[in-house]
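The values are calculated or read from the model by the stated rules, or taken from the named source; none is laboratory data. Remember, predicted model here, so these are calculated numbers, not experimental data. As a convention, Cβ positions derive from the backbone with ideal geometry for all residues, glycine included, and neighbour counts pool all protein chains shown. The accessibility values were calculated without ligands, DNA or RNA, using every heavy atom of the protein model including side chains. Shrake-Rupley method; radii C 1.70, N 1.55, O 1.52, S 1.80 Å.
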Amino acid sequence: MIIVMKTGSNQDLVKTVVARIEELGLRAHLSSGEERTIIGVVGLPLPPSLDDMFAAFTGVEQVVRVTKKFKLASWDFHPQKTVIQLGNVAIGGDEVTIIAGPCSVESRDQTLESARAVAAAGATILRGGAYKPRTSPYEFRGLGERGLEILATAREETGLRIITEVMTPSDVDLVGQYTDIFQIGARNSQNYLLLEEVGKAGKPVMLKRGLSMLVEEWLLAAEYVMAQGNPDVILCERGIRTFENATRNTLDVSAVPVVQGFSHLPVFVDPSHAAGKRAFVPALSLAGIAAGADGLMLEVHPTPDHALSDGAQSLDFAEFDALMPRLAAVAQAVGRSLPVPALN
Ligand code: PEP
Ligand code: MN
């Protein structure tokens, strides 16, 4: 349910409504626009009598029931597009955000070299996994906390923000001591206890789409994070599993406008995990931006053929450099822009 306050209602009136919501054991989520405040009410069950009760409060203009299953993620609860400000990086704003870096943090040199190269080309966020979900238990599974330390060093050296995956609720605290953004991987996108834990951690969360996840299930997963009081969720389409095996996954480009039709949350595309092969990464990247994605997440490695994970889909520095101006051209064609590369 949403409670729409009258234009210019003062904070005391809003507080009175929120206090009543909380007295009833429900949760209030405020969305303050330029002119009016919308109070989202979530919690179960919401008895029918609530509508009339809240409609009678001073300052309340309207009480509306939201019939969609996802609430906080929907436009009804938050009529402005979500923009997540991380230092000088605005995710979901006019600029298309480029996240780039290796699949895994393998060593200090490999990560710092990657960080410098992607920053120089115009990326503003460095990716790198320290805890890797691998299909086989015998593959490289990440450097753990040492990997987080290396990422933090790269942030200090380059000024890039960092994103890294957290795989289990018990690691949220530790990973949160280092990262700027939590990544929830495709395999964990319906791990509800993990989603709730990052929802409490007070930092933005990028939620990859699960391998066979419906858009509605994906938005409901975002809802788990948001229901814990964390509004800063980024959705990332990374390809879904279909019958086609010429690519690792099938990039569902249509998910970008579909999700943007339902939700105010920023939507990213990860062309690397969709393609599985670096030759296809440029085309899928361009397609993602053309479809309206708020950003891309790309795997870039100094020597992809020697990568400990996902080398086949990783671009080398020259390929990434060559791609960036092409991305900028498509961004411009759809009324967006790319950040100007840092001077080096
Ligand atoms: C990754 O980003 O390296 C990764 C494991 O991605 P996904 O969860 O989308 O497979
Ligand atoms: Mn990877």
Rounded to whole Å², per residue accessible area for region 195-344 with a 1.4 Å probe reads 39
Within region 34-128, DSSP-loop GluC sites (Glu not before Pro) with at most 14 other C-beta atoms within 10 Å are Glu34, Glu35
With a 1.4 angstrom probe the carbon and sulfur portion of accessible area for region 77-132, in percent, totals 46
If the chain between Tyr138 and Leu30 were fully extended at 0.36 nm per residue, the gain over the current Cα-Cα distance would be 34.2 nm
Let a ≥ b ≥ c be the square roots of the eigenvalues of the Cα gyration tensor of the chain; is it rounded (a/c under 1.5), or, if not, prolate (a/b larger than b/c) or oblate?
prolate
Diffing region 92-98: the Karplus 3J(HN,Hα) column from phi (6.51, -1.76, 1.60, θ = phi - 60°), in whole Hz with x for Gly and Pro, holds x, x, 5, 7, 7, 8, 10
Per residue, how much accessible area does region 37-189 have with a 1.4 Å probe, in Å²?
41
Pick from Ala312, Ala221, Ala274: which is most flexible by mean-square fluctuation in a GNM of the chain where alpha carbon atoms under 10 Å apart are linked?
Ala312
Tell me, what HN-Hα J-couplings in whole Hz come from the Karplus equation 6.51 cos²θ - 1.76 cosθ + 1.60 at θ = phi - 60° for each residue of region 297-304, using x for Gly and Pro?
10, 10, 8, 9, 9, x, 9, x
Working from Cα positions, state the angle (0 to 90°, nearest 10) between the long axis of helix 215-226 and the longest principal axis of the chain.
70
As an exercise, take the mean of 1/r over every pair of distinct alpha carbons in region 227-290, invert it, and state the Kirkwood radius in angstroms.
12.5
Over region 106-169 - Rg/Rh using Cα atoms and the Kirkwood inverse-distance radius
1.00
Region 203-262, relative contact order in percent, only Cα pairs under 8 angstrom and at least six apart counted
35
Taking the chain and counting helices only, DSSP H stretches of n ≥ 4 at -39,500 (n - 2.57) each over all residues, the nearest-500 ellipticity at 222 nm comes to -10000 deg cm²/dmol
Sorted by chain and then number, the residues having a modelled amide H within less than 5 Å of the amide H of Val300, at least 5 places away or on another chain, are Gly101, Cys103, Leu315
Show me, for region 188-199, the HN-Hα J-couplings you get by feeding each phi into the Karplus relation (A = 6.51, B = -1.76, C = 1.60, θ = phi - 60°), rounded to Hz, glycine and proline as x.
10, 6, 10, 8, 5, 5, 5, 4, 5, 5, 5, x
Would you please give the residues with an amide H less than 5 Å from that of Ala130, counting only those at least 5 places away or on a separate chain, with H modeled from the backbone geometry?
Val105, Glu165
At most 11 other Cβ atoms within 10 Å and a DSSP loop assignment: could you name the GluC sites (Glu not before Pro) in region 160-267 that fit?
Glu244
Label-point separation in nm, Val340 to Glu216, each point 7 Å along Cα→Cβ:
4.7
The chain: relative contact order in percent, alpha carbon pairs under 8 Å with at least 6 residues between
17
Return one number: the angle in degrees, 0 to 90 and rounded to the nearest 10, between the long axis of the Cα atoms of helix 108-121 and the longest principal axis of the Cα atoms of the chain.
70
Inter-label distance for Ala279 and Lys15, nm, one decimal - labels placed 7 Å from Cα along Cα-to-Cβ
6.5
Over region 120-212, how many percent of alpha carbon pairs lie in each 10 Å bin up to the one with the longest distance?
17, 49, 30, 4
Selected from Arg187, Arg20, Arg241 as most flexible by GNM, with the chain as the system and alpha-carbon contacts under 10 Å:
Arg20
